[in-house]
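> Structure in structure tokens, see below.
Readers should treat all values here as calculations from the given coordinates under stated rules, not as data from a laboratory. The model shown is predicted, which means the values in this text are computed figures rather than measured ones. Here the Cβ positions follow ideal geometry from the backbone for every residue, glycine too, while neighbour counts run over all protein chains shown.
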Amino acid sequence: MTFEIAIDDRSRTVSVERTAAGRFRVIVDGRPHDVDAVRAGVFGLSLLLDGHPASSREIQIAPSGDGGSGQLLVGIDGRTVAATVNARRKRRAGAHGGADTDGEQKVVAPMPGRVVRVLVAPGDAVVARQGVVVVEAMKMENELRSPKAGRVKDVAVTAGMSVEAGRVLVVIE
Amino acid sequence: MKILIANRGEIAVRIIRACREMGLPTVAVYSECDRGARHVREADQAVHIGPSEAARSYLRIDAIVDAARDAGADAVHPGYGFLAENAAFARACRDAGLTFIGPSPEAIALMGSKTAARQAAIRAGVPVVPGTEQPLDERVPDAEILRIADAVGYPLVVKAVAGGGGKGMRTVDDAASLGAAVRTARSEAGSAFGDTSIYLERRIVEPRHIEIQLLGDTYGTILPFAERECSIQRRHQKVVEESPSMAVTPDLRRRMADAAVAVARTVEYSSAGTIEFLLDRDGAFYFLEMNTRLQVEHPVTEMVTSIDLVQWQIRIARGERLNVDSGRALTPHGHAIECRIYAEDPDQGFLPSPGLIRGLRPAAGPGVRDDGGVSVGYTVPVFYDSMIAKLVVWAASRREAVDRMARALREYQVLGIRTTIPFFLWLMRQPEYLDGRYDTTYLDRLLAERAGRTFSDLTAEEEELTAMAVAVDAYLRLSEGQAAARQVDLQGLWKQAARREALRG
């Protein structure tokens, strides 16, 4: 079985073949590994990697949020990264639906809150991770950032507005 | 003594634990979204007090007093936050014949006003940060504030009189930016505390936040504890605390403890409380404010003194005498560190990350204490502060405590949501933190320098490993799914076979 695995937006082609009970041949972008893998709880995976003695790693893989986004949160020794399976294929499928949205990114409210400040105006150039809107939620002011470098196409909110989770605040193209 | 806990989350669980150890029955209160919360499940009884919004549940004095009466509670523990420093709540409890586990309403009211508290400190002969002694309400004209600011001196800090937790607080470097700072501080203070009054305070250069925990009984004994260092702050919010402080000598500790007791005496303080000081780079300290409640970071004091502060709050409320050895309270044994674990994404500017907790395995092992407030299957709600646990470690020395914290953070698994654990793991490796060379401005400066670089940095090898794990996981889920589907088919075949048998018979 071959998968496209994206970790923090970097994609890799990974094929998995079971060679014996609990043993797998895994090829990551052409690099082969022999892995011993067993489940460790509902979301955990214990891996013993090629080498003598085998190095032992435990990885936790759980759906993020309600699971609907298809995003996985992967825990590795206290750190957390986002991963998706077959993301590239999904993105291509999405692009068929409307080619004009290609490259456009929306900054949405991650939770209900109140817009405190709008930091950009339509037409502004922004760099990746630049703050665009400040939303007060959960007793804190939170700066929401641009997911990419580009230009502000639309600002859909004004300071003082209450917003629901998922509401589009700013569109970057 | 049956105790109603007027709070939620980890502090409610912490108080229930103390009560259970003392054999005292507990009553939890909960809002709509907290029905499945841990504090509700762990208490002996639970009362629903309203919808999810705090203003309609955990902040409703009438609903909580009614709940206490209905449940036949004798006492109310307010925890921290919500109504803990609300004098009207303490008074309402007293009027309803309930013992409020905390100081008198008078002490809460007086120390709740920053300017009144400063005056109390001055009366007690304790140095305060130079600043205005009277609240400046909205009627004070800008020109007057400008004149007062010149007398205080720049740089200065504009603070809300009713403030706390960094809200309504602005740093001003020169006269030109004073007006804007006053306006934003007033507006923040108005929405957070319903009081737009502000005051001005000189800004201390390279300040460390050092605080002295106190316990007072109802017979006039006030006991000071070894200091806590809380200078690791993000936007004026404490994120890591420790005890003892690397900046405090035994002599300074003694002097700060004496000053703290002197301030507390002016209000005949009883129960647990904390005097906060700023310590400047020359070793001079200034009274900042008094918190008339149990602090979030109380466990680090408990770890280095082996004195249970929550149990003592309850004992004092029952009328017991505080008979703890003062040397034991003031002499830290070993070193303790606390990290506040939030449901926030440090890689997105610490954006709240509420949601379903799919897996949870707190750290354990030698010297580790997990004061958690959540459990698997619980959805961290959007309505409250997003702290889900406090991870506390103890070790014989600071260096060992830092190493132990790093080990415990690596063990701590929270699945399904983002937390601040990766950030703390990174912080535990920073040279300034390891050396104890930091002040309250350190973390914000450090974070600004990082300019949004992520904390969960994986090596190339770890990224490859992660990709492999995700792929094997997907493979296993698909084959498990197929096996389950085959199982269903087999059952179908069995049924068909059985039906055929029946027909034949």
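> Give me the distance in nm between label points sitting 7 Å out from Cα along the Cα-to-Cβ direction at B:Asp142 and A:Val108, one decimal.
4.2
> State, as an integer percentage, the relative contact order of the stretch B:122-255 based on alpha-carbon contacts under 8 Å between residues 6 or more apart. Walk me through the numbers before you get to the answer.
Values: 216 pairs, mean separation 27.5, N = 134.
Taking the mean separation of contacting Cα pairs over the length of the stretch B:122-255, I get 21 percent.
> Determine the dipole magnitude for the stretch B:219-349: charges of +1 sit on the beta-carbon of Lys and Arg, -1 on that of Asp and Glu, nothing else is charged, the reference point is the Cα centre, and the result goes in debye to the nearest 20.
On the way: 15 positive and 20 negative charges, 88 e Å.
Dipole magnitude for the stretch B:219-349 comes out near 420 debye.
> Do you know the relative contact order of chain B, to the nearest whole percent, from alpha carbon pairs under 8 angstrom that are 6+ apart? Walk me through the intermediate numbers first.
Numbers: 1010 pairs, mean separation 65.5, N = 505.
Reported relative contact order: 13 percent.
> What's the center-to-center distance, using Cα atoms, between the stretch B:252-279 and the stretch B:90-130 in Å?
Each part reduced to its Cα centre gives a spacing of 13 Å.
> A further question follows. Using Cα pairs under 8 angstrom and six or more residues apart, how large is the relative contact order of the stretch B:51-109, in percent?
Values: 55 pairs, mean separation 19.3, N = 59.
About 33 percent, as a whole number.
> Okay, next question. Take every DSSP beta bridge with both residues inside chain B and express the antiparallel ones as a percent of the total, to the nearest 5.
On the way: 60 of 74 bridges.
Percent antiparallel among DSSP bridges in chain B is about 80.
> Now for a different question. Give me the extension gain from B:Arg450 to B:Tyr154: residue separation times 0.36 nm, minus the current Cα-Cα distance, reported in nm with one decimal. If you can, show how the numbers build up before the last one.
Values: separation 296, 0.36 × 296 = 106.56 nm, distance 2.83 nm.
Gain on stretching B:Arg450 to B:Tyr154: 103.7 nm.
> While we're looking at this one, here's another question. Which net charge results when you count Lys and Arg as +1 and Asp and Glu as -1 among the other residues whose beta-carbon is under 14 Å from that of B:Ala329?
Residues close to B:Ala329 contribute a combined charge of -2.
> Then there's this: What is the Cα centroid distance between the stretch B:1-42 and the stretch A:105-140, reported in whole angstrom?
Spelled out, the Cα-based centre of one part sits 37 Å from the other.
> Here's something else I'd like to know. What does the charge count around B:Ile49 come to, taking other residues whose C-beta lies under 14 Å from its C-beta (Lys +1, Arg +1, Asp -1, Glu -1)?
On the way: positive: B:Arg8, B:Arg35, B:Arg56, B:Arg60, B:Arg69; negative: B:Glu32, B:Asp34, B:Glu53, B:Asp62, B:Asp66, B:Asp70.
Result for the local shell: -1.
> Note down the magnitude of the dipole of the stretch B:424-477 about its Cα centre, charges +1 on Lys and Arg C-beta and -1 on Asp and Glu C-beta and zero elsewhere, to the nearest 20 debye.
Here the size comes out at about 160 debye.
> Along the charge dipole of the protein assembly as shown, Cβ charges K/R +1 and D/E -1, which of B:Gly97, B:Val161, B:Gly9 sits furthest on the positive end?
In the protein assembly as shown, that residue is B:Gly9.
> Once both axes come from the Cα atoms, what is the angle between helix B:460-504 and the longest principal axis of chain B, in degrees from 0 to 90, rounded to 10?
40
> Sticking with this one: Rounded to the nearest 0.05, what FRET efficiency is calculated for A:Gln71 and B:Val376 with R0 set to 25 Å and r the Cβ-Cβ distance?
Details: r = 20 Å, r/R0 = 0.78.
According to the calculation, E is roughly 0.80.
> Tally Lys and Arg at +1 and Asp and Glu at -1 over the other residues with C-beta under 9 Å from the C-beta of B:Tyr475: what net charge comes out?
On the way: positive: A:Arg18, B:Arg477; negative: A:Glu17, B:Asp473.
It works out to a net charge of 0.
> In nm, what is the difference between 0.36 nm times the number of residues separating B:Ala96 and B:Glu32 and their Cα-Cα distance?
Details: separation 64, 0.36 × 64 = 23.04 nm, distance 2.54 nm.
Answer, rounded to one decimal: 20.5 nm.
> A follow-up question, please. Once every DSSP H run of n ≥ 4 in the protein assembly as shown is given -39500 (n - 2.57) and the sum is divided by its residues, what mean residue ellipticity at 222 nm do you get, rounded to the nearest 500 deg cm²/dmol?
On the way: 18 runs with 212 residues, N = 678.
Computed ellipticity for the protein assembly as shown at 222 nm equals -9500 deg cm²/dmol.
> By DSSP, what percent of the beta bridges with both residues in the protein assembly as shown are antiparallel, rounded to the nearest 5?
Numbers: 123 of 137 bridges.
For the protein assembly as shown, the DSSP antiparallel bridge percentage is about 90.
> Sequence gap of 8 or more, or different chains, plus Cα separation below 30 Å: how many lysine pairs satisfy both in chain B?
Taking chain B as the scope, the lysine pair count is 11.
> Hey, another quick one. Evaluate the charge dipole of the stretch B:208-450 about its Cα centre and quote only its size in Debye, nearest 20, assuming +1 on the Cβ of each Lys and Arg and -1 on the Cβ of each Asp and Glu. Walk me through the numbers before you get to the answer.
Values: 30 positive and 33 negative charges, 87 e Å.
The dipole of the stretch B:208-450 has a size of about 420 debye.
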